[in-house]
Amino acid sequence: MDDTNKNNPEFARGLQDIVASITRIGYIDGQAGKLVYRGYDINQLAEHSTYEETVFLLLYGKLPDQAELSAFNEKLISYRHVMDEVINKLTQLPCPCHPMSMLRTGISHMECIDDVCLIPADIQSKQEAGVKLIAQIPVLTAAISRILDNKAPVPPDSSLSHAANFLYMLKGERADPLEEKAMDVSLIIHADHGMNASTFASLVVAATLSDIHSAITAGIAALKGPLHGGANEEVMKMLLNFHSVEEAEYYVKDLVAKNKRIVGFGHRVYNTYDPRAVMLEQYAKDISLITNNKELYEIAHTIEKKGVEGLGHKGVFPNVDFYSGLIYYSMGIDTKMFTPIFAVSRIAGWVARIIEYLEDNSIFRPRAVYVGPRDLKYVPVEERA
């Protein structure tokens, strides 16, 4: 079909609101401020579930019974290993190197030496490769963090949960139970979020029937972009600029008066409070108290309060990035690792949606509207003015 204006194609820049697939995995109600995984409200899962159980739900469409959950946990633990060859390659990358680039490179290298690196024809094999990556990516991410800090990677501890083990590998010591719960909740609420840029990127690659590693690296590459991942880094930079609550309050009032954006406010989908931000606020408060970051929380809370007073009537509220960075920072995690942590969580949604899409696969082939010149006559180079 000719991509021309005379065909009157529907055009939406960035494919805004264009439906590209159907799904049973996740649902966002932007007006009501609700996020649902497989029919379960995110608030229920954050309060009662674990990341491991949530991953099972996303992948297999139901909450597991005790035997299924135990078996799945054991499988994840058995896959918590990244070959020394991969880690050694990362130490040889030129510095400085963005940790998301290191993560993407590490997964690409894992594909080349993994026993599931060949492109399997059956969906079950692809899913199993995806489960393995879900288990491996925290190990790889923690190793990258320590490499960048000139520290030796910490081997995984099979006695710890997914979240607790990740914090242990990052910090080299067992986390406080509150920190473990906060990380677990953060992983749960970031695991899936509709047809976002990184999810779409991974689906585009997977739909060509490429391997799961390639699809995940596409998701990581998209998440690296500051318009997608990394917003919580910008929030932390803002928070650390203030020396008092009064200074932050004046700053927000000035931004509102000038109709300027507040970092960590607003969302492409939500016209009310991002439900994830509501949950993380309490964890940010509690963790700041036990890590001597109370003043930083007070600054953030003041910005939230004054920002909502000035912008709430426009449907602009804090999003998930407003408090997630503060939680990680209070745990002692460097801001450069905030986006890789996003990937540690979101890989569950990537894999689940890839497998779901492949069950009724169709390669993506959107159109572009041509608006350039037509009917130009070729002129030999020696005759061109």
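The values are calculated or read from the model by the stated rules, or taken from the named source; none is laboratory data. All figures in this text were calculated on a predicted structure; none of them were measured in a lab. Quick reminder, even Gly has a Cβ in these numbers, built from the backbone with ideal geometry, and neighbours come from all protein chains shown.
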May I ask you to list the residues in the range 261-279 that are without any contact (Cβ under 8 Å) to a residue 24 or more places away in the chain and touching a helix residue (DSSP H, G or I) at 6+ places or on another chain (Cβ under 8 Å)? 261
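Hey, could you check the range 127-160 for residues that are of a type in the set (Ser, Thr, Tyr) and surrounded by fewer than 19 Cβ atoms within 10 Å (Cβ to Cβ) and say which is nearest to residue 112 (Cα to Cα)? Step through it out loud before you land on a result.
The first filter runs over the range 127-160 and keeps only residues of a type in the set (Ser, Thr, Tyr), leaving 141, 145, 158-159.
From what is left, the residues that are surrounded by fewer than 19 Cβ atoms within 10 Å (Cβ to Cβ) are 158-159.
Details: 158: 26, 159: 29 Å.
Per the stated criteria, the residue is 158.
Quick check on my filter: what residues within the range 261-293 are aromatic (Phe, Trp, Tyr) and surrounded by fewer than 22 Cβ atoms within 10 Å (Cβ to Cβ)? I'd like the intermediate steps shown before the answer.
Looking only at the range 261-293, we keep the residues that are aromatic (Phe, Trp, Tyr), and these are 265, 270, 273, 283.
Once the filter is applied, which keeps residues that are aromatic (Phe, Trp, Tyr) and surrounded by fewer than 22 Cβ atoms within 10 Å (Cβ to Cβ), the range 261-293 yields only 273.
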Any hit, the range 43-50, residues being buried (at least 17 other Cβ atoms within 10 Å of the Cβ), at pLDDT 95 or above, in a helix (DSSP H, G or I) and not aromatic (Phe, Trp, Tyr): yes
Residue that is surrounded by the most Cβ atoms within 10 Å (Cβ to Cβ) [pool: residues in the range 177-210 that are under 15 Å from residue 327 (Cα atoms) and either without any contact (Cβ under 8 Å) to a residue 60 or more places away in the chain or of a type in the set (Phe, Trp, Tyr) (or both)]: 180
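From the list 349, 315, 310, 325, exactly one residue is on the phi > 0 side of the Ramachandran plot and either among the small types (Gly, Ala, Ser) or in the same structural domain as residue 35 (by TED's automatic domain parsing) (or both). Which is it?
Values: 349 fails: on the phi > 0 side of the Ramachandran plot; 310 fails: on the phi > 0 side of the Ramachandran plot; 325 fails: on the phi > 0 side of the Ramachandran plot.
Checking each option against the conditions leaves just 315.
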Test each condition in (1) assigned to a helix (DSSP H, G or I); (2) surrounded by fewer than 24 Cβ atoms within 10 Å (Cβ to Cβ); (3) modelled with pLDDT under 95; (4) not aliphatic (A, V, I, L, M) for residue 365 and report the one that comes out false. (1)
Filtering the range 223-255 down to residues that are buried (at least 19 other Cβ atoms within 10 Å of the Cβ) and of a type in the set (Gly, Ala, Ser), which residue is modelled with the highest pLDDT? 248
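Consider residue 384 carefully, then state whether it is outside the structural domain of residue 267 (by TED's automatic domain parsing), charged (D, E, K, R) and over 26 Å from the mean Cα position of the chain (by Cα). Explain how you work it out, then say what you get.
On the way: outside the structural domain of residue 267 (by TED's automatic domain parsing): yes; charged (D, E, K, R): yes; over 26 Å from the mean Cα position of the chain (by Cα): yes.
Yes; evaluated as a whole, the condition is true for this residue.
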Any idea which residue in the range 57-84 is surrounded by the most Cβ atoms within 10 Å (Cβ to Cβ), counting only those that are under 28 Å from residue 225 (Cα atoms) and not aliphatic (A, V, I, L, M)? 80
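I'm trying to understand the selection: among the residues of the range 45-87, which are closer than 23 Å to residue 25 by Cβ, small (Gly, Ala, Ser) and without any contact (Cβ under 8 Å) to a residue 12 or more places away in the chain? So that I can check it myself, show each step before the final result.
Of all residues in the range 45-87, those closer than 23 Å to residue 25 by Cβ come to 45-65, 68-69, 71-73, 75-76, 79.
Of the ones still in play, those that are also small (Gly, Ala, Ser) are 46, 49, 61, 71.
Of everything in the range 45-87, just one residue is closer than 23 Å to residue 25 by Cβ, small (Gly, Ala, Ser) and without any contact (Cβ under 8 Å) to a residue 12 or more places away in the chain, namely 71.
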Of the conditions (1) touching a Pro at 6+ places or on another chain (Cβ under 9 Å); (2) surrounded by 24 or more Cβ atoms within 10 Å (Cβ to Cβ), residue 325 satisfies every one except a single condition; which number is it? (1)
